[in-house]
Amino acid sequence: GDSVTQMEGPVTLSEEAFLTINCTYTATGYPSLFWYVQYPGEGLQLLLKATKADDKGSNKGFEATYRKETTSFHLEKGSVQVSDSAVYFCALTYNNNDMRFGAGTRLTVKP
Amino acid sequence: NAGVMQNPRHLVRRRGQEARLRCSPMKGHSHVYWYRQLPEEGLKFMVYLQKENIIDESGMPKERFSAEFPKEGPSILRIQQVVRGDSAAYFCASSPQGGGNSPLHFGNGTRLTVT
């Protein structure tokens, strides 16, 4: 079945470092891809999305490009801040009415 | 413009009791999804509902769990005869329509602890 695999955490970075969180997917067709962020004690919030191959989603300095050839949707940010500390989830949905999430990657940014 | 509202925020139940979790979707949203999150794990889909209909319950355990989304009022996730393994965070999400292009809007979750 359709699924998402994320790089395992936790990830610890210093402020202003470059961030990459890897995400690959398995799907029978062409799903929409998402990154969600979860801050402590809260629900998930949509960070960015891409609906077709080669689309780039971006928000708050984060970017991810839908790569069909490598079935990937890696999350990147050029300069992280302490306030970016959270758990990040890659997800896909493909016409089956439920969203499949990766296991999440915990990011801690130190000042 | 209220978001997805879940209550209670925290719920403690003893083994064998019933747990009822409520979810009011965002205004104008008629699609509701329930997910379960175990500690240090991702979210697992449980059930997808529209008003008065269960569309997909493939992620629901076959026994003790049920869900409804009545014509009036919130969606309810009901767990009968709770066991310790039911302890988790339960998240509700809503969307204005189903399908792949409609992002989910999540509530802050209900954290169920079974003692």
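The values are calculated or read from the model by the stated rules, or taken from the named source; none is laboratory data. Computed from a predicted model, the values in this text were never measured in an experiment. Cβ placement follows ideal geometry from the backbone for every residue including glycine, while neighbour counts extend to all protein chains displayed.
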| message | I'd like to verify a number: residues in the range B:104-115 that are part of a strand (DSSP E or B) and at pLDDT below 90, how many? | response | 1
| Which numbered condition trips up B:V47, out of (1) within 15 Å of A:D98 (Cβ to Cβ); (2) at pLDDT 95 or above? | (2)
| Name the residues in the range A:15-34 that are within 14 Å of chain B (Cβ to nearest Cβ), β-branched (V, I, T) and under 19 Å from A:S58 (Cβ atoms), would you? | A:I21
| request: Could you tell me whether the range A:92-99 includes any residue that is over 25 Å from B:G107 (Cβ atoms) and either at pLDDT below 90 or not polar (S, T, N, Q) (or both)? | output: no
| note | Residues of the range B:72-103 being hydroxyl-bearing (S, T, Y) and either under 25 Å from B:T115 (Cβ atoms) or outside any loop (DSSP other than H, G, I, E, B) (or both), in sequence order, are B:S75, B:S87, B:Y90, B:S94, B:S95
| task | Might you check whether a residue that is surrounded by 15 or more Cβ atoms within 10 Å (Cβ to Cβ) and under 30 Å from A:E8 (Cα atoms) occurs anywhere in the range B:21-32? | result | yes
| task | Hey, can you tell me all the residues within the range B:50-71 that are facing another protein chain (nearest Cβ under 10 Å) and either closer than 22 Å to B:G3 by Cβ or not in a loop (DSSP other than H, G, I, E, B) (or both)? | result | B:Q50, B:I55, B:D56
| said: Being closer than 28 Å to B:G3 by Cα and either away from chain B (no Cβ under 11 Å) or assigned to a loop (DSSP other than H, G, I, E, B) (or both) is the requirement here; does A:V80 meet it? | reply: yes
| What do you reckon, is B:S66 in contact with a Pro (Cβ under 8 Å, 6 or more places away or on another chain) and of a type outside the set (A, V, I, L, M)? | no
| task | Name every residue in the range A:6-25 that is among the polar types (S, T, N, Q), part of a strand (DSSP E or B) and within 15 Å of the chain's Cα centre (by Cα), in order of residue number. | result | A:Q6, A:T20, A:T24
| note | Going through (1) surrounded by 14 or more Cβ atoms within 10 Å (Cβ to Cβ); (2) among the charged types (D, E, K, R); (3) modelled with pLDDT under 95 one by one, A:E8 fails only at (1)
| task | Go through the range A:30-48 and give me each residue that's farther than 15 Å from A:M99 by Cβ and of a type outside the set (D, E, K, R). | result | A:Y30, A:Y39, A:P40, A:G41
| Residue check, A:T108 over 22 Å from B:V4 (Cβ atoms) and part of a strand (DSSP E or B) | yes
| request: Run B:S102 past the list (1) within 14 Å of chain A (Cβ to nearest Cβ); (2) among the small types (G, A, S); (3) more than 22 Å from A:L46 (Cβ to Cβ) and report the number of the one that doesn't hold. | output: (3)
| said: modelled with pLDDT of 95 or more, at negative phi and within 11 Å of chain A (Cβ to nearest Cβ): is that true of B:H31 in this structure? | reply: no
